[in-house]
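Presented below is the structure to which this report refers.
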Number of protein chains: 2
Amino acid sequence: MNVMSESYDCVATPGAAIPSGSTAASHRLPVRLLGIDTGGEALVYLRRDAPIFEAAGLAAPKRVAVSNGARHIVATLYLVSAHWLEDNAIGLSSRARDLLAVDDGDWVELGYLPALESFEQVRCKLAGQPFVAEQLVGIMSDVAGGQYADIHIASFLAACAGGHLNIGEITALTLAMAQTGQRLQWPTPVVLDKHSIGGIAGNCTTPIIVAIVSAHGLTMPKTSSRAITSPAGTADTMQTMAPVDLDLAHMRRVVDEVGGCVVSSDGLGLCPADEALIRIERSLELSSDARWIASILSKALTAGATHVVVDVPAGQTAAIRSREAAVRLIAQLGAVGGALGMQILPQIADGSQPGARGIGPALEARDVLSVLQGEPDAPVGLTERAVEIAGTLLELGGRAVVGEGAGLARKTLEAGLAWQQFQRICNAQGGMREPRCGRYSHTVSAAHAGHVSHVDNRCLNRIARMAGAPGAPGAGMTFVAPLGTQVAAGDPLFTIYAQSAGELSHALAYAQQHPQVIVIEAI
Amino acid sequence: MNVMSESYDCVATPGAAIPSGSTAASHRLPVRLLGIDTGGEALVYLRRDAPIFEAAGLAAPKRVAVSNGARHIVATLYLVSAHWLEDNAIGLSSRARDLLAVDDGDWVELGYLPALESFEQVRCKLAGQPFVAEQLVGIMSDVAGGQYADIHIASFLAACAGGHLNIGEITALTLAMAQTGQRLQWPTPVVLDKHSIGGIAGNCTTPIIVAIVSAHGLTMPKTSSRAITSPAGTADTMQTMAPVDLDLAHMRRVVDEVGGCVVSSDGLGLCPADEALIRIERSLELSSDARWIASILSKALTAGATHVVVDVPAGQTAAIRSREAAVRLIAQLGAVGGALGMQILPQIADGSQPGARGIGPALEARDVLSVLQGEPDAPVGLTERAVEIAGTLLELGGRAVVGEGAGLARKTLEAGLAWQQFQRICNAQGGMREPRCGRYSHTVSAAHAGHVSHVDNRCLNRIARMAGAPGAPGAGMTFVAPLGTQVAAGDPLFTIYAQSAGELSHALAYAQQHPQVIVIEAI
């Protein structure tokens, strides 16, 4: 017998006022589309003197439930004291409109939110208790369902940082994230995937790798996120060469047709929890080992991958700051991947400086194209890294014996087969485009002669972001002074590109204030 | 010689386009007041097709700098694609308007934000590195200055949770917070303060204590925050009896005139960093030992206190869940307070259930008044706790020898002197008011006979909050079935009060779904 469930009745006692029925808990209002782009959070606006408050008593800012009957969302309520909004309407931000799929004048119902029970587990985790698997399922389900406000997500991300999640927790998080979406299935026994831990610019090997690997008939349904802390994610760079915002059906068609794709995971709906978390990580420029692993492996899991190569550039100013940190991450990646039935092949790389010239979507795309097209001045570092990883994948896919994959990958590039395949992929994704650099540029040059003895990747990235990358695809920089370069006074070090004069000035001012970005040791 | 500062020049090289001058980095726009209450974050709205974007290239959502020449703020930028906002104006939320002190049609300048350098320290802390004092000064300065978006603050709060701050870090945090405001000074050598760790309803001893202590001529300039995770903070409760939103000058006058006050710390400006942090803690219902200590002691420090009694109710469903946790907190409080030159007297109390009948601002105020007015049915627990703490303060202030303070406090209450003094305080603060309960109510009664064997404070608090407390001052509940109470079937356990029928239904529904709030063990 459950004693607790019978401890009290909620029937009214004599003399107590009785609420006027259950309809009091929700309220119908006509929609006013406000076209406000919040970058993600769903907002609703109500007049402070709206008649609804007499009955509902909502006090802003509060999270509220909004429904049009078919769809139910959670939104943050803002009160409006000015008269640009009618007192009997509910204003919706663009995100709220998209989620509800309503139009101006449609009716929605406003209601109270149930308590956000799963956030209590985040509080407990912050207080030092470990997560158990079911809790993470609940949290990720609420995150994917929009129940978490941005500050709740920020707290959850902080709880995952700093090595506070053990292997069991990371595995459970990965699975819980994957369960918020769906898992693709492919007819081939081997499905390849490749991910990279960010932090280093000019490391956009993915389009080259997918082209090489799928040119050999292997399946590689690659989904990439846009930049989180870097000036260009793979999806940002690819978008300057072909459409990447495909829906699932289109993505499937591309892979069926040409064997591989390079599409954006944002909005694909394969892993909605990951998308929601990434949105806040992007604003905070915050990442962690646990989240890298869970993000990469949940993407691989939902993409239906069987074998995943993970590229881990390590360097003092890379995301992974030392070889020890890389080894620790790799061990965790292998353990979590293994627990989820995938074979993970992590590869540590040099992360001391950018792998190519370009930093920023269009500028990195130009490097990618120069490698694929076999141009004589193609960045060697980018070519070599792509050949190495593609080689491993060709071996995993049974197209080359161990030790000979890289050679095959190089031949595929040199014969122009990868370039042909890349054009097929772009066309299948909706048509090839030419990457365009920003029309405003400024070159920063050496103040004195010497050799380049230090490069700060974080500062280079920040300059490129201040110039507008990745939002402005033509923004960023070209970096022409790798470590060890001998320069004379006045020799170019990097050129900043921007799509507006304001952003160019802004990035340049930062570069001027941070002269330690590139250190030239006098001879 | 600083080699690094000379590594490069930012002069243009031949052939590079040159930005059109430094004016490109900021832009003047006329203000449109939107009257949007966000609860705290400063927002600005711009049309997506605003001409400014051609030159400035800002992509939303982004943090931007806004200035009217005299004041400079940081705001989050939202883009508007609808036409209710003109394309050449900048819409301001109420918070942005308050911070800038501008009116409709005034001109403001929009500019880029420098990188939020101090947040890198929060990232490092989340990654496991300790804070050093100067970093916390920088972070608190940025928090107080509005440089941090809500998600940045949420991350910082998470970094402080779970015992991750050591005594040195908590001391530095407390000082850094206090330095964002100002420190009051008083002519008396002893300045008393009292704070309580929340989590338990019906523990509103502060107005009673201030009345008793200041009736004896002691100085007690009490500043309290509004509720963070509870249904009523001291400021919320006091506000139902007298104005609490005083400015500093008025607060000083009250203390000069009658020796004590009970005013709201929110908006007083004594510790702006604390106010900013509390706003997010309130939304997240998140607290931590480090933040309790820093919040309490920075308030005490800025209030000019020399001796602080800290009330720590411990109980399974209180904020402090065990005696061990209370002892740990107390040790830290003493260490940090000592380092800051204050004498801290923590007192552990029973936190197993509410200390009085009322939960919620007006309902707790009624209990306070019944104690002060010596009514026969005044809650004994509340009276005893107030007498005990006031007694300690009277001893610290030299009005009673050790061991006799409580007796003197009780006499002060019984003689009506505290009630007279309380009326003086309320009048000095702007006039006494009568607390009003919500007009909608519903009583929940026992389903069967037995004795009350368990009370869940967290659930009681949640029900009171769902009924509208503390935003609706008349909302909450009266709790009439303390642990051990013998009840017959149908006997009242608690009565929910609300200011709207909707909120009453909402709270009642939650109570129905959580029957473990009060457990009645059958005899």
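Give me the extension gain from A:ALA449 to A:GLN343: residue separation times 0.36 nm, minus the current Cα-Cα distance, reported in nm with one decimal.
Gain in length upon complete extension: 33.3 nm.
Over all Cα atoms in the stretch B:205-318, the spread is summed up by Rg and Dmax: 13.9, 42 Å. Divided by 2.2 N^0.38 Å, where N counts the residues, the Cα radius of gyration of the stretch B:22-111 comes to 0.96. Helix content alone sets the calculated 222 nm mean residue ellipticity of the protein assembly as shown: runs of n ≥ 4 DSSP H residues at -39500 (n - 2.57) each, divided across all residues, give -12000 deg cm²/dmol.
Surface analysis of the stretch A:440-521 yields an accessible area of 28 Å² per residue, using protein heavy atoms and a 1.4 Å probe. For A:GLU86, the accessible surface of its heavy atoms amounts to roughly 90 Å² (probe 1.4 Å, protein chains only, rounded to the nearest 10). Cα centroids of the stretch B:159-233 and the stretch A:361-439: 63 Å apart. Shape annotation for the stretch A:440-521: C-alpha extents along the principal axes are 34, 21, 20 Å, from largest to smallest. Considering only the other residues whose Cβ falls under 14 Å of the Cβ of B:SER196, what net charge follows from Lys and Arg at +1 and Asp and Glu at -1? Local charge sum for B:SER196: -1.
Ordering B:VAL132, A:VAL213 by how much accessible area each has at a 1.4 Å probe, largest first, what is the list?
The ordering from most to least exposed comes out as B:VAL132, A:VAL213.
Rounded, prolate or oblate, given the Cα gyration tensor of chain A, with a/c below 1.5 counting as rounded?
Prolate shape, in that a/c is at least 1.5 and a/b is the bigger ratio.
Given a 1.4 Å probe and the protein chains as shown, B:HIS250 ends up with an accessible area of around 40 Å². The label point for B:VAL132 and the one for A:GLN420, both projected 7 Å from the Cα toward the Cβ, are 6.0 nm apart.
Note down the relative contact order for the stretch B:219-363 as a percent, whole number, built from C-alpha pairs under 8 angstrom at least six residues apart.
So the answer I get is 25 percent.
What shape does the stretch B:314-466 have by the C-alpha gyration tensor, where a ≥ b ≥ c are the square roots of the eigenvalues, rounded means a/c under 1.5, and otherwise prolate means a/b greater than b/c and oblate the rest? Oblate shape, in that a/c is at least 1.5 and b/c is the bigger or equal ratio. Note on surface exposure: A:GLU285, B:GLU521 rank B:GLU521, A:GLU285 by accessible area, highest first, 1.4 Å probe.
How high is the relative contact order of chain A, in percent, with contacts defined as C-alpha pairs under 8 Å that are six or more residues apart?
14
Report, to the nearest 10°, how far helix B:457-466 tilts away from the longest principal axis of the Cα atoms in chain B, using its own Cα long axis and a range of 0 to 90°. With both axes taken from Cα atoms, the answer is about 60 degrees.
With both labels modelled 7 Å from their Cα along Cα-to-Cβ, the A:GLU257 to B:GLU86 distance reads 4.9 nm. Taking 40 Å² as the minimum loss, tell me which residues in the stretch B:443-460 lose that much accessible area going from the chain by itself to the full protein complex (1.4 Å probe). Flagged in the stretch B:443-460: B:THR443, B:SER445, B:ALA447. Rolling a 1.4 Å probe across all protein chains gives B:VAL262 an accessible area of roughly 0 Å².
Across the stretch A:122-224, Cα pairs under 8 Å and at least six residues apart give a relative contact order of 29 percent. Residue pairs exceeding 26 angstrom between C-alpha atoms, taken from B:LYS62/B:LYS299; B:LYS62/B:LYS125; B:LYS222/B:LYS411; A:LYS62/A:LYS125: B:LYS62/B:LYS299. FRET efficiency for the B:CYS124 to A:ASN427 pair, using the beta carbon distance and R₀ = 35 Å, is estimated at 0.15.
The base-10 log of I(q)/I(0) for the protein assembly as shown, evaluated at q = 0.05, 0.06, 0.09, 0.10 Å⁻¹, reads -0.35, -0.50, -1.06, -1.26 [Debye formula, identical scatterers on Cα atoms, solvent excluded]. Let's test the formula: R0 of 56 Å, r as the Cβ-Cβ distance of A:ALA249 and B:LEU483. What FRET efficiency results, to the nearest 0.05? My answer for the efficiency is 0.40.
The values are calculated or read from the model by the stated rules, or taken from the named source; none is laboratory data. This one's a predicted model, so the numbers in the text were calculated from it and none came from an experiment. So basically every Cβ, Gly included, is an ideal-geometry build from the backbone, and we count neighbours across all protein chains shown. Heavy atoms of the whole protein, side chains included, go into the accessibility calculation; ligands, DNA and RNA do not. Shrake-Rupley method; radii C 1.70, N 1.55, O 1.52, S 1.80 Å.
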